[in-house]
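Peer 1: Quick one: structure below, then a few questions.
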Amino acid sequence: MSDDTPGSAPPPTTPPTPVTRKWHGPSLVWLVPIVALAVGVALLIRAVLSTGPQVTIDFHSANGLRPGKTEVRYKEVVVGRVEAVTLSEKRDHVQATVRLDRSVSNIAVEDTRFWVVRPRIDTAGVSGIETLFSGAYIGVDAGESTKQKRHFTGLENPPFVLRGEPGRGFVLRTEDLGSLDVGSPILYKRNRVGRVVGYNLDPLVDELWVQIFIEAPYDKLVNPQTRFWNASGVEVSLNSSGLKVDTQTLASVISGGISFERPQGTQGLPQASDGSRFKLFPDRKAALAPPDGPPLRVRMVFDQSVRGLDIDAPVDFLGIEIGAIKAIRLDYDGKRKRFPVEVEAEIYPTRLGAVRDSMRQEGDDDKRRDTTLLQRLVQNGLRAQARTGNLLTGQMYVALDFPGKVSKAESRHLHRHPGHSHGAGHAVGRAAADRRDRGQGQQGAVRRDRPQPQRHAVAGAPGDRAAAPRRAGLARRGAAHAAVSAGDIATR
Amino acid sequence: MSEASSLQTGAQLRLYGCPTCGRVSQLLHPIADSTPLPCPRCATPLHHRRPRSLQRTWAYLIAATILYIPANLLPIMSTSNVFQGETLHTILGGIEELRTGGDWLLALIVFIASIAVPMLKIGALLVLVITAQRRSRWKQVERAQLYRMIDAVGHWSMLDVFVVVLLVGTIRFGPLGGVMPEPGLLAFGAVVVLTMLAAGSFDPRLIWPEEEAPQRHP
C-alpha cells in the first residue's frame, strides 16, 4: 500500500508561494482555555451573583415543603426557593433552608414574616386554592426594620394584615364572641369590606376585645357613630310577632361575621381614627336602636299561671315595647295560701319618649324621676297583664295597661327585697292586685296585702278610671284565656 | 514487535503518511526544515509528528477541565408546568432524582454517560499528554488502546445535550409547560466538544517516542 500509482513519490516540488505562517511563541490554541476560563468564570459569577442570602425558617411541619421545588413568594413574585428541609436538633420542628434571590436580599430583616401557603378552608373562607396544583409555597411579608436577620420562625397561619395594606383597624368590645373567629368577614351592606384579625379577653373587665381590619377605601365608612353588630349565622326568632328568619351572606352564615352601619344622619361625620373602640351589638336591631339609657327594674306579681311567658318576652306599654322580662320566680303567700308568680322586668323609660318628658315631675335625679313617673301611673290604674301574643305558639307577653275597675293600687318603696339576691333596689311601687280572672269566673278586685315588714309604702291611691270598660274589653280580646291580672308593679 | 528497536521507523525511512487521504509519500532529498511538505494527492501538509500537538491537546484539555465545573454546578435545563412552576435541573440533581425514584439502572446510565465518561476522558487524556510529554515508554500498547477508546467514545457524551435539545424542541405547551436550556448545558456541550478536540489534536505517534531526534520534528 506504499505505492499505488507512482512507484515512488516524486520529490515534492517546492511550491511557488510557500505558506509562511510565522508565529513564534505559544500556540494560538491557548486562546481556547483562556476563553473557556472566561466563560466558566462568567457563568459561575453570574450564578453566584444571582443567589442572595440564605435564611433558615422554623416551621412546625414540613408539610408541602419540598427541597429545590418549594418557592418563596412575595406578593406572588418568586423571590427564593427552599434548598433543604431538615429536622431541628430537638426534633420538635423542621428547619427550612431558603435561598433568596439577590434582588430581594434586603428582605431578610428582623420583622419579616414567613408562612406556608397551603390550600386552606377555614372561617375566612377558602384560600390558597392555587396551591392545590402548584404545591405549597412560602409567603413573605417584608419587614420594615433595617436590622438583618438570618433565622426566622415561620407563622402557622397567614398573617391577616400585611404590611402596607391600605385600611384601618378598630377594636370592638363585646361580652360574647359568638361564632366569630379570626378571619371572619366584616360586612357592609352584605359586602365584604374587612375581616377579624384577632381577639383577646380582658379579664379585668371580663370583656372581649375583637380587633378588626377594614380595607381601604371602606374604612372611610367608619365614623365615631358607626354601629357594629354580630351578623353571625341565621337568626331565627320565634316570638309574639311570629317566626322571623334573618340571614346575612352565606359566608357569614357559615363562619360568622360582623356588620356595621352608620345610623341615619351621621353620614357626614369625620372618619373614626385608627384603633377606635366600638361596642359590638348582638344584632342589628340592638345596634341601630336609639340608646336606651339605664333600665329600670320592675317587679310584677301575678296570681295565675304565667305559662308561655319567657325570659326576654317583651313588655308593652299600650302596644309600645318598652322592656323585656328578665326573671320569673314563684313566691308563697303564707297568709292567703297562694303561690303568686313574681315576674321581674327591665323597662327603658326613654322609650316612652315624649310621655316621659311631659309627665315627669321635676327633679335632679333621672332615675328617681322615672320611678316617680311609674308610681304615678300605677296610682292611676296601670296594671300588668300577661297576654297571649301568638296564638300558634302560646307565647305571651306582658302588657302594661289601664284595665279599669281596679279597686286600689299601692306603690311602695323598697329598700331590700328578700327574693332578690342583688336586692339593692331603692324604690318600689306596689299596687294592690285587681284580679279579674274570667276563666275561673272570678270577678272583682281581690285586695292582696302581703305582710312585708321591710317594705313601706310610698304612695297608694285607688285606681278607678273612667275609661275602664273600654280597656277591659281590649284586654279580653287580647287574652283569650290568660287572666287579665293586674299584678303588683314594683320598681327597684 | 519483539525487535522494535531494530525496526526502522517511518521517520528513518523518510516516509510520510497523509492524515487526510492516507497516502504514504517518501522524501527523496533532504530539504530545509522550514520547507512545507504538501501531500502530492490532497495537498495536506505532511509531518512526521503533528506540529504543536501536545500544546493543542493541553490547551483543549485545560479548557475542558475548566468548563467541567460550571457544567456540573449550573442547571442544564429548566422544566415548567402548571403544577410545579419552574424547576431547575442539574446533571447530578437529575441522577439523584432518578436514584431516589428507584430507577437505579437509568441513574447508572446517566451517571456513566454524563459524569463518568467526561471525567474518564479528561483523566485519560491527561495521562496520555503527560506521558507523551515525558517521552515515557511505559505501557505503550495500553496507552495506544486507551487513545483509540477515547477517540471512539468521542461524541457519545453529547447524549445529554441531544436529550435536552430534543426536549426543548418537542415540549412546548405554552403556559402549560415547557423545557428551556440553561447555561449549564452550554458548558457541558463545550466540555464534550473540547475533549473531542483534545483527543483529535493528540498525535498518537507521540506514544511511541524515538530514540534519536527525528530528522524533522517541528
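The values are calculated or read from the model by the stated rules, or taken from the named source; none is laboratory data. No experiment lies behind these values; they were computed from the predicted model shown. Ideal geometry is used to build each Cβ from the backbone, glycine not excepted, and the neighbour counts take in all protein chains shown. For accessibility, only protein heavy atoms count, side chains too; no ligands or nucleic acids. Shrake-Rupley method; radii C 1.70, N 1.55, O 1.52, S 1.80 Å.
Peer 1: Leaving ligands, DNA and RNA out of it, rank B:Val191, A:Val32 by accessible area with a 1.4 Å probe, largest first.
Peer 2: Values: B:Val191 0, A:Val32 45 Å².
Solvent-accessible surface, decreasing: A:Val32, B:Val191.
Peer 1: Round to the nearest 10 and report in Å² the accessible area of A:Ile320, as given by a 1.4 Å probe over the protein chains' heavy atoms.
Peer 2: A:Ile320 has an accessible surface of roughly 90 Å² with all protein chains in place.
Peer 1: What pairs in A:Lys75/A:Lys279; A:Lys189/A:Lys244; A:Lys75/A:Lys147 have C-alpha atoms more than 30 Å from each other? Before the final figure, lay out the partial values.
Peer 2: Numbers: A:Lys75/A:Lys279 35 Å; A:Lys189/A:Lys244 20 Å; A:Lys75/A:Lys147 22 Å.
Listed pairs above 30 Å: A:Lys75/A:Lys279.
Peer 1: Let me ask you something else. For the pair B:Met149 and B:Leu13, what calculated FRET efficiency results from E = 1/(1 + (r/R0)^6), where r is the Cβ-Cβ distance and R0 = 41 Å, to the nearest 0.05? Display every interim value, and only then the final one.
Peer 2: Numbers: r = 30 Å, r/R0 = 0.72.
Efficiency, from the Cβ-Cβ distance: 0.90.
Peer 1: Measure off 7 Å from each Cα along the Cα-to-Cβ vector at B:Leu28 and B:Ser78, then give the distance between these two points in nanometres to one decimal.
Peer 2: Label at B:Leu28, label at B:Ser78, 6.8 nm between them.
Peer 1: Could you order the peptides A:198-208, A:323-333, A:386-396 from most to least packed, using the average number of other C-beta atoms within 10 Å per residue?
Peer 2: Numbers: A:198-208: 11.8, A:323-333: 15.7, A:386-396: 17.6.
Highest to lowest by the protection proxy: A:386-396, A:323-333, A:198-208.
Peer 1: Kindly sort B:Ile66, A:Ile186 by accessible area of their heavy atoms, largest first, with the probe set to 1.4 Å.
Peer 2: On the way: B:Ile66 35, A:Ile186 0 Å².
My answer, sorted largest first, is B:Ile66, A:Ile186.
Peer 1: Keeping all protein chains in place and using 1.4 angstrom, which order do A:Thr153, B:Thr87 fall into by accessible surface area, from largest down?
Peer 2: Details: A:Thr153 100, B:Thr87 10 Å².
These residues rank, largest area first, as A:Thr153, B:Thr87.
Peer 1: Beyond a 31 Å Cα-Cα separation, which of these cross-linked pairs lie in this structure: A:Lys285/A:Lys367; A:Lys149/A:Lys220; A:Lys220/A:Lys285? Write out the running numbers ahead of the final one.
Peer 2: Details: A:Lys285/A:Lys367 25 Å; A:Lys149/A:Lys220 37 Å; A:Lys220/A:Lys285 23 Å.
The pairs that break the limit, which is 31 Å between Cα atoms, are A:Lys149/A:Lys220.
Peer 1: Using only protein heavy atoms and a 1.4 Å probe, how much accessible area in total is buried between B and A, to the nearest 100 Å²?
Peer 2: Details: alone 13330 and 27220 Å², together 37760 Å².
The buried area between B and A, both sides summed, comes to about 2800 Å².
Peer 1: Set the Förster radius R0 to 60 Å, insert the Cβ-Cβ distance between B:Cys42 and B:Glu97 as r into 1/(1 + (r/R0)^6), and round the FRET efficiency to 0.05. Walk me through the intermediate numbers first.
Peer 2: Numbers: r = 50 Å, r/R0 = 0.84.
Working from the Cβ atoms, E equals 0.75.
Peer 1: Quick check: from the Cα gyration tensor, does chain B come out rounded (a/c under 1.5), prolate or oblate?
Peer 2: Details: a/c = 3.40, a/b = 2.42, b/c = 1.40.
Because a/c hits 1.5 or more and a/b exceeds b/c, chain B counts as prolate.
Peer 1: Next question. At R0 = 51 Å, how high is the FRET efficiency between A:Leu318 and A:Glu165 if r is their beta carbon distance? Nearest 0.05 is fine. Kindly include the intermediate steps, with their values, before the conclusion.
Peer 2: Details: r = 53 Å, r/R0 = 1.03.
Calculated value: 0.45.
Peer 1: When you look at the Cβ of every residue in B:62-75, what mean number of other chain Cβ atoms sits within 10 Å? The partial results should precede the final answer.
Peer 2: Values: counts 6, 11, 3, 4, 9, 7, 2, 4, 9, 2, 0, 5, 5, 1.
Averaged over the peptide's residues, the number is 5.
Peer 1: Run the simple label-point estimate for A:Arg277 and B:Trp104 please: 7 Å along Cα→C-beta, distance reported in nm.
Peer 2: Roughly 7.1 nm, to one decimal.
Peer 1: Continuing with this model, one more query. Count the net charge of all other residues whose Cβ sits under 14 Å from the Cβ of A:Lys147, scoring Lys and Arg as +1 and Asp and Glu as -1. Walk me through the numbers before you get to the answer.
Peer 2: Numbers: positive: A:Lys149, A:Arg150; negative: A:Glu110, A:Asp111, A:Glu144.
Once all neighbours under 14 Å are counted, the net charge is -1.
Peer 1: Moving to a separate point now. From other protein chains only, count the Cβ atoms within 10 Å of every residue's Cβ in B:52-59, then give the mean. Working shown, then result.
Peer 2: Numbers: counts 5, 1, 1, 5, 5, 1, 4, 10.
Per-residue shielding by partner chains comes out at 4.
Peer 1: A further question follows. Quick one: if you stick a label point 7 Å off each Cα along the C-beta vector at B:Thr20 and B:Ile112, how many nm between them?
Peer 2: Here the modelled spin labels are 3.8 nm apart.
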